[in-house]
Amino acid sequence: QVQLVESGGGSVQTGGSLRLSCVASGSTYINYCMAWFRQAPGKEREGVAAIHSDGGTKYGDSVKGRFTISKDSAKNTLYLQMNSLKPEDTAMYYCAAVEVITGSLLAPGVYGYWGQGTQVTVSS
């Protein structure tokens, strides 16, 4: 079992940067695949970035080249570095975890553990 807590959200202007963190507890962090998702009001949940337990990563097309996912296993913490932020990045951001991947790394239904979310707002 695992518990996830996100932090680092806030309000920034277009072109700014922000780093989100997700602290995991209750299990062996390195044995899980981890991911970031986001959801804006009235829109579907979107896969942002994922990192496999072996270190492999995958990014959604809309954030490639701007966002970077990473993890610090010693601190049981997942990160999402967001650069060159745009208004369309505005959303609630969630981290997620799963023990065994049964589908796409960016498919919400694959993940069994979710945090409460942290809000990111980008103004123009």
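Within the chain, Cys33 have no other Cys Cβ under 4.7 Å of their Cβ and so lack a disulfide-compatible partner by this rule. Taking the DSSP bridge list for segment 1-117 and keeping only pairs wholly inside it, about 100 percent are antiparallel.
Give me the percent of Cα-Cα pairs in segment 61-109 that sit more than 15 Å apart, rounded to a whole number. Everything past 15 Å amounts to 59 percent.
Accessible surface computed residue by residue for the chain, with neighbouring protein chains in place and a 1.4 Å probe, gives 49 Å² per residue. Straightening the chain between Glu88 and Trp114 buys 7.1 nm, computed as 0.36 nm per residue apart minus the Cα-Cα spacing. Taking only the C-alpha atoms of the chain, Rg followed by Dmax gives 13.4, 41 Å. Using a probe of 1.4 Å on the protein chains alone, the accessible area found for Ile51 is around 10 Å². Please report the spacing between the Cα centers of segment 65-79 and segment 82-118 in Å, no decimals. Computed from Cα coordinates, the inter-centre distance equals 13 Å.
The values are calculated or read from the model by the stated rules, or taken from the named source; none is laboratory data. Keep in mind that what you see is a predicted model, and the values were worked out from it rather than measured. As a convention, Cβ positions derive from the backbone with ideal geometry for all residues, glycine included, and neighbour counts pool all protein chains shown. Only protein heavy atoms, including side chains, enter the accessible area calculation; ligands, DNA and RNA are left aside. Shrake-Rupley method; radii C 1.70, N 1.55, O 1.52, S 1.80 Å.
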